[in-house]
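See below for the structure under consideration.
The values are calculated or read from the model by the stated rules, or taken from the named source; none is laboratory data. Note that the structure is a prediction, hence the values are computed from the model and not measured. For neighbour counting, all protein chains shown are included, and Cβ atoms are generated from backbone atoms with ideal geometry for every residue, glycine included. All accessible areas refer to the heavy atoms of the entire protein, side chains included, with ligands and DNA or RNA removed. Shrake-Rupley method; radii C 1.70, N 1.55, O 1.52, S 1.80 Å.
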Amino acid sequence: MEKKNLVIVGGGSTYTLGIIMSLIEEKETLPIRKLTFYDTDHARQEKIAKATEVILRERYPELEDFKYTTDRETAFTDIDVAFLQIRTGGLKMREQDERIPLRHGILGQETCGPGGMAYGMRSIPDMIELIRDIRTYAEDAWIMNYTNPAAIVAEALKREFPEDRRLLNICDMPIAIMKSYADMLDKDVWDLVPGYFGLNHFGWFTKIEDRLGQDYTGTIKDKIVNEGFIPTDSEIANDASWQATFATARKMLMDFPEYLPNTYLQYYFYPEDMARKEDPDNTRARQVIGGREKRVHDACDRITGSQSLGDVELSGDIHGAYMIRAAASLIHHLNHIYILMVKNDGIISNIPDDAMVEVPAMLTGDGPKPFAVGEIPAFYKGLIENQYAYEKLVVDAYYEQSYMKMLQALTLNRTVTDVNKAKAVLADLIEANRGYWPELK
């Protein structure tokens, strides 16, 4: 199989080492000749990259070239595929996204509600510039974007690059949930075939089958209700926040048993409960800084210091494997099925065609070929149309520099709904994001 050239944009991310270990584990799925990291933060990226050099020397000696850079021409020239995982404003601004809404009694979360809106407004201009730069140096490369908040970013990129068939927006949350289902069934997640519809972080599994057509949906529902939703990933299983998330997933299924929910729906179904659980002095961003970021950076220091992976425990993750396998399906014409975001165009027949929906699609050498969903029931249609209106208005507000569109968006959002709260939180977010957002008029 021909080797390809890959760039990871956001090389300084704490998730990068997991992708590297996945690349090693999936080297036969997607063999790589040249690997490049690109990031705007040299120091943050260098820590990850120096450890990666050691890991690749030990575990991927057949890789011909590895480099890291802050220069876009160096990063994007002669690439076949780009993975995009940027965070404009870093964890410092994520903490503001979480703390500011909480001051107003509103849920503080990085992709949902006012925090997601703030993050989206910061992400849009950087993502547009980034895609343009990649296309300057790599006209035909596959671009796989999983930058959050993916729904808002995908809506903006749809408008900016409507004819770019090699630009895909993809999220790992559905496959992470499917991994838990697979473990419940004692099956390989790659042998499961999902039925799914919705928007990013706002969707439902309608069916889980294996490749022979055996339907396990009822079995999964029974196990979740009777035994609980038990995550198998060790980091998630030992994380109190994730434990609470999976407990709430069980509650959602019991309240609305028709479909299996994406875990992010907890923020929209129970926003007041979720807000009360949050501690503004110990936000999720603060937990990541003191938890995952510290663990990853400590591991990097140990690897770099000893010039060996040694006894440092690192492994691939479902996030990395998903991106790699999806890229391989596109590059090598494998026609495998993955859940990703595409323009609706009648896929869900009773919601707007312009919506960026999240559905299963066959990934081919000509791009994604999504499967039709058809009509969805009134409850889900109403929820999706409300959420899509919010996402559309946020992107409208960005392009039009419109305060009114932003206020309308927040008022529609199920985590806010109150106009007075929307005005108050928007005023604080505008102040906190000076220099990142366009000036709203």
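Please work out how much accessible surface Lys50 shows to a 1.4 Å probe, ignoring ligands, DNA and RNA, in Å² rounded to 10.
80
May I ask you to evaluate 6.51 cos²θ - 1.76 cosθ + 1.60, the Karplus curve with θ = phi - 60°, for each residue of the stretch 47-61 and list the ³J(HN,Hα) values in order in whole Hz, giving x for glycine and proline?
Working through the residues one at a time gives 4, 5, 5, 5, 5, 4, 4, 5, 4, 5, 4, 7, 10, 9, x Hz.
Over the chain, with a Gaussian network built from C-alpha contacts below 10 Å, which listed residue (Phe202, Phe269, Phe37) shows the highest mean-square fluctuation?
Phe269
Highest mean first, what order results for 6-14, 173-181, 219-227, 338-346 on Cβ atoms within 10 Å?
Numbers: 6-14: 24.9, 173-181: 22.1, 219-227: 15.0, 338-346: 19.9.
So the peptides 6-14, 173-181, 219-227, 338-346, ranked by packing, come out 6-14, 173-181, 338-346, 219-227.
What are the residues whose amide H is under 5 Å from the amide H of Gly195, where those residues sit 5 or more places off or on another chain and H is modelled from the backbone?
Thr206, Lys207, Ile208, Glu209
For the stretch 292-352, what is the accessible area per residue in Å², given a 1.4 Å probe and the full set of protein chains?
Numbers: 2580 Å² over 61 residues.
I get 42 Å² per residue for this part.
Top to bottom by accessible area (1.4 Å), largest first, where do Met144, Met356, Met1 land?
Met1, Met356, Met144
What figure, in Å² to the nearest 10, do you get for the accessible area of Glu95 with a 1.4 Å probe and non-protein molecules left out?
Roll a 1.4 Å probe over it and Glu95 shows about 20 Å².
Taking all protein chains in place and a 1.4 Å probe, what share, in percent, of the accessible surface of the chain do carbon and sulfur account for?
46
Using Cα pairs under 8 angstrom and six or more residues apart, how large is the relative contact order of the stretch 1-98, in percent?
On the way: 138 pairs, mean separation 39.7, N = 98.
For the stretch 1-98, the relative contact order is 41 percent.
Helix-derived [θ] at 222 nm for the chain: sum -39500 (n - 2.57) over DSSP H runs of at least 4, divide by residue count, nearest 500?
Theoretical 222 nm ellipticity from helices: -15500 deg cm²/dmol.
Which ³J(HN,Hα) values in Hz, rounded to whole numbers, follow from the phi angles of the stretch 310-327 under the Karplus curve 6.51 cos²θ - 1.76 cosθ + 1.60, where θ = phi - 60° and Gly and Pro get x?
Calculated HN-Hα couplings, in order: x, 9, 6, 8, 10, 8, x, 10, 5, 4, x, 4, 5, 4, 5, 5, 5, 4 Hz.
Using θ = phi - 60° and the Karplus curve 6.51 cos²θ - 1.76 cosθ + 1.60, what whole-Hz ³J(HN,Hα) does each residue of the stretch 351-358 get, with Gly and Pro shown as x?
Result, ordered by residue: 10, x, 5, 6, 4, 8, 8, 10 Hz.
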